[in-house]
Amino acid sequence: MPSPRVPSTLTAGAVLPVIELVAKAPQDADFTVVGVTGTAENPTLVGVPAAVEKAAPAKVGQIAVELGARPEAGKVTVLPRYASQLVAVGLGSDELSPEQVRRGCGAALREVAGRADERELHVALSLDTDESELVRAAIEGAVLGAYTYTKVGSQVKRPIARISVVTGLGGASAKQTLAEAQAVSRAVLVAREWINTPANLLYPQTFADEVRELAKGTKLDVEVLDEKQLAKEGYGGILAVGGGSERAPRLVRVEHKPRGAKNHLVLVGKGITFDTGGLNLKPADGMYTMKCDMSGAAAVLAATAAIAELGLDVWVTTYASMAENMPSGTSYRPSDVITMYGGTTVENVNSDAEGRIVMADALARSQADKPDLVVDVATLTGACMVALGNRIAGLMSSDDATADVLLDAAEAAGEEFWQLPVPEHIRKGLESKVADLKSSGSRMGGAMAAAAFLQHFVGEDTAWAHLDIAGPAFNDEGPYDYVPTGGTGHSVRTLVELARTLQD
Ligand code: BES
Ligand code: MN
Ligand code: ZN
């Protein structure tokens, strides 16, 4: 397995703490996270280390309950320091699920990271669990919950330097669990770092450089098409959208091809490094967070890196369409007809519907790869946010069997999706008088219309799933569970899990 890569300057915050699995709670941890289950009337603490119990003046469970510890999911109660300072986190009243543990550890570590001063902390997770899924979830929750984006130009803060997970899990399965948790967590942090990087620093060229950097020392094959190569090969969509910016577009293609792997998964991500709306300029309020419009590209690229790091036995080809959507004298106009990669013509209705246009070029290109499954990920529509809110992503698919494969992977990974249909009448709404199709239809059902547009370029016979992450990609409210403010890295975990299930 290749060793963890040295991060680039833009992803310096994606360094993991040292993580170890230990049989006994360490004596010297600054904080020890324990769980609270049971009922609201009768809460019970799990995982309290013997040394803490011994040092406390009364039963720790009693003290904790008096201080307010309850099984309420994610409720964090910090106890006085006996041997180690306990942080009791509610894990719900039901049997522990991985997502419950992930959320609990996330909330606990967010609290602990917020209390860190100059010292780098050592945190123990003591939840009395030997199950590999729960151990993995505890690590992921802790790492993801401890993360915040560091101020541009300042030294990366690392509040938590070491995490010890107390568990009876040992041997090969412990090693594998740790490797998976680390690869997935690192990938989520890389995606978050890219998303959080302001668009004056992360633009198509520097984003493509980042991918090259990330792939160094791995077996990933990276190919970057610049604006000249894009023009030569007819990528009319990416060029039209990117044409308004001084910062030229790129198409990045990354391949993970293990010897003998047959199942071919194609991933496509939307990489709009900033979306002003173009000539259909967004109002100021709606534009402010639009550095997040490359979250789909970040997710597919970071997931591909984790898939390679874990050496998963599935052939993965990943595309990221990178462009900046700006208004200028060279912008594409509403009513322009664009000739896309592969020759399809598109009438541009609204230059703020840029995502589907850059995605369509990559999807059309990917047909030559003869994929068994295509999954695209994009912060595509405000309509999807209106339908499903900020925490649930939309899933649209060629068929229900494919949708179920994605939903199962998402469930195992602890990410939320909800399936929407792609009905025939919505497809009809994209008919154009001047081109093969238009880029958008009526305002109603906007998420489905965008999906229908994309599917035109995948072909109806290809198994395909479209993940609209406009809602959950970026958290512009306060942090919760293991989700910080800013880029969330949504879909990275689902994609890695998907690749795991597609192994030959
Ligand atoms: N990037 C936006 C969608 C978006 C909005 C993502 C808010 C995250 C938060 C996308 O390019 C867009 O502007 N879509 C338009 C499409 C419309 C013009 C057909 C929209 O949803 O309004
Ligand atoms: Mn837009
Ligand atoms: Zn956009």
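The values are calculated or read from the model by the stated rules, or taken from the named source; none is laboratory data. All figures in this text were calculated on a predicted structure; none of them were measured in a lab. A quick note on method: Cβ atoms are made from the backbone with ideal geometry, for glycine too, and the neighbour counts reach across all protein chains shown. Quick note on the areas: whole protein, heavy atoms, side chains included, nothing else; ligands and nucleic acids left out. Shrake-Rupley method; radii C 1.70, N 1.55, O 1.52, S 1.80 Å.
Between VAL156 and ARG443, residue separation times 0.36 nm minus the direct Cα-Cα distance comes to 99.0 nm. By the gyration tensor of its Cα atoms, with a ≥ b ≥ c the square roots of the eigenvalues, what is the shape of the range 228-312: rounded for a/c under 1.5, prolate for a/b over b/c, or oblate? Note, shape of the range 228-312 comes out oblate. Residues ASP369, ASP117, ordered by accessible area of protein heavy atoms at a 1.4 angstrom probe radius and largest first, appear as ASP117, ASP369. Taking the range 271-288 and a reference point 7 angstrom along Cα→Cβ of ASN200, the backbone N atoms nearer than 18 Å belong to 273-276, 287-288. When the accessible area of the chain is split by element with a 1.4 Å probe, what percent falls to carbon and sulfur? Ligands and nucleic acids excluded, carbon and sulfur give 50 percent.
Accessible surface calculations at 1.4 Å, restricted to protein heavy atoms, place the range 7-189 at 44 Å² per residue. Distances between placed amide hydrogens fall under 5 Å for THR276 paired with ASN325, all partners being 5 or more residues away or on another chain. Counting only lysines at least 8 places from LYS433 when in the same chain, there are none with an alpha carbon closer than 21 Å to its own. A 1.4 Å probe over all protein chains sorts THR501, THR167 by accessible area into THR501, THR167, starting with the largest. Multiplying each eigenvalue of the alpha-carbon gyration tensor of the range 35-120 by 5 and taking the square root yields semi-axes of 19, 18, 10 Å, largest first, rounded to whole angstroms.
If you wrap the chain in the convex hull of its Cα atoms and look at it from every side, the mean projected area works out to 23.2 nm². Distance between the 7 Å Cα→Cβ label points at LYS24 and ASP285: 5.9 nm. Peptides 406-416, 481-491, 168-178, 11-21, ordered by how many other C-beta atoms sit within 10 Å of their residues on average, highest first, read 481-491, 406-416, 11-21, 168-178. Per-residue 3J(HN,Hα) values for the range 309-326, derived from phi via the Karplus relation 6.51 cos²θ - 1.76 cosθ + 1.60 with θ = phi - 60°, read 4, 7, x, 5, 8, 8, 7, 10, 10, 10, 10, 10, 8, 10, 7, 10, 9, 10 Hz in sequence order (x marks Gly and Pro).
Straight Cα distances below 24 angstrom link LYS24 to the lysines LYS54, LYS59, LYS175, with same-chain residues fewer than 8 positions distant left out. Applied to the range 251-263, the Karplus parametrisation 6.51 cos²θ - 1.76 cosθ + 1.60 on θ = phi - 60° returns per-residue 3J(HN,Hα) values of 10, 9, 10, 10, 10, 10, 10, x, 4, x, 5, 9, 4 Hz, with x for Gly and Pro.
Modelled spin labels at SER328 and ASP399, positioned 7 Å past Cα toward Cβ, are 4.5 nm from each other. Spin-label model, GLU41 to GLU120: label points 7 Å out along the Cα-to-beta-carbon direction sit 4.9 nm apart. In the chain, the calculated helix contribution to ellipticity at 222 nm averages -11000 deg cm²/dmol per residue, counting -39,500 (n - 2.57) for every DSSP H run with n ≥ 4.
The stretch between GLU424 and VAL386 holds 11.5 nm of extra length on full extension. This uses 0.36 nm per residue minus the Cα-Cα distance. Remark: the range 495-504, residue by residue, has Karplus-estimated 3J(HN,Hα) of 5, 5, 4, 4, 4, 4, 6, 8, 4, 5 Hz, where x stands for each Gly or Pro and the curve is 6.51 cos²θ - 1.76 cosθ + 1.60 at θ = phi - 60°.
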